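The values are calculated or read from the model by the stated rules, or taken from the named source; none is laboratory data. Bear in mind the structure is a predicted one, so any value in this text is a computation, not a measurement. Here Cβ is always computed from backbone atoms with ideal geometry, including for glycine, and neighbour counts include all displayed protein chains.
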Amino acid sequence: MAAVYAFFVAVYVYKDLTLKDVPKVLLDSANMSAMLLYIITNAVLFSFVLANENMPHRLADWILSMDLGQTGFLLVVNLILLAAGNFMDPSSIILIMAPIFFPAAMQLGINPVHFGILIDVNMEVGLCHPPVGLNLYVASGISKLGITELTKAVLPWLGTMIVFLVIVTYWPWLTLVVPKAMNMM
């Protein structure tokens, strides 16, 4: 429905698009969708291989056996999620890693809302760093810049996002103040 609405508005309201341009727009959209679906398919395949080999469970057992405490556990989880963002799409990471790390986080006394937000912020960072950063590919398709150029342009923002991730990780009050204010906790 959104695509039909956008078509109607572009052609008849704003008149930015003529009916003659529609086939080219559809072809460009199909090319970008195919590129993104190819990336997602490969990431899901990689996720399947990891899950099939029981790697996430082994990883969680290894982290818990190191007896790192909350601070060390959160650091290791962040590093693993950021590394996973290099090869997998966010949905696959959440589906595979969250059920593994969540019980360990609860065992260490980490608030579940805080932990969920921490995972979400990690996924946002993963969407912006190569090689699987889907937002980079979308921006590349729209701006017609190469991934290398775009990666260089995004580096300051990526640094800011990592600073925000550190703040969210080690200052749980920030993530919990709104849910507590709304009496949701």
>> Going residue by residue through region 125-141, is there one that turns out to be in a helix (DSSP H, G or I) and at pLDDT 90 or above?
In response: yes
> Going by the structure shown, is A98 surrounded by fewer than 15 Cβ atoms within 10 Å (Cβ to Cβ) and either in a helix (DSSP H, G or I) or touching a Cys at 6+ places or on another chain (Cβ under 8 Å) (or both)?
Replying inline: no
> List the pairs whose first member sits in region 48-67 and is under 17 Å from F87 (Cβ atoms), whose second member is surrounded by fewer than 12 Cβ atoms within 10 Å (Cβ to Cβ), and whose Cβ atoms are under 9 Å apart, counting only residues at least 6 apart or on separate chains?
Replying inline: M55/V49
>> Quick check on my filter: what residues within region 21-41 are under 18 Å from G85 (Cα atoms) and without any contact (Cβ under 8 Å) to a residue 60 or more places away in the chain?
In response: L37, Y38, T41
> Out of region 101-121, which residues are modelled with pLDDT of 90 or more, in a helix (DSSP H, G or I) and more than 15 Å from L81 (Cα to Cα)?
Replying inline: P112, V113, H114
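Specify which of the listed residues (N122, N111) is surrounded by 14 or more Cβ atoms within 10 Å (Cβ to Cβ), in contact with a Gly (Cβ under 9 Å, 6 or more places away or on another chain) and within 17 Å of T71 (Cβ to Cβ). Before the answer, list the steps.
Details: N111 fails: in contact with a Gly (Cβ under 9 Å, 6 or more places away or on another chain).
Checking each option against the conditions leaves just N122.
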> When only residues in region 83-95 that are touching a helix residue (DSSP H, G or I) at 6+ places or on another chain (Cβ under 6 Å) and assigned to a helix (DSSP H, G or I) count, which is surrounded by the most Cβ atoms within 10 Å (Cβ to Cβ)?
Replying inline: A84
> From the residues in region 142-182 that are closer than 27 Å to N111 by Cβ and outside any helix (DSSP H, G or I), which one is farthest from the chain's Cα centre (by Cα)?
Replying inline: M182
> Of all residues in region 155-169, which are in contact with a Leu (Cβ under 7 Å, 6 or more places away or on another chain) and surrounded by 14 or more Cβ atoms within 10 Å (Cβ to Cβ)?
Replying inline: V168, T169
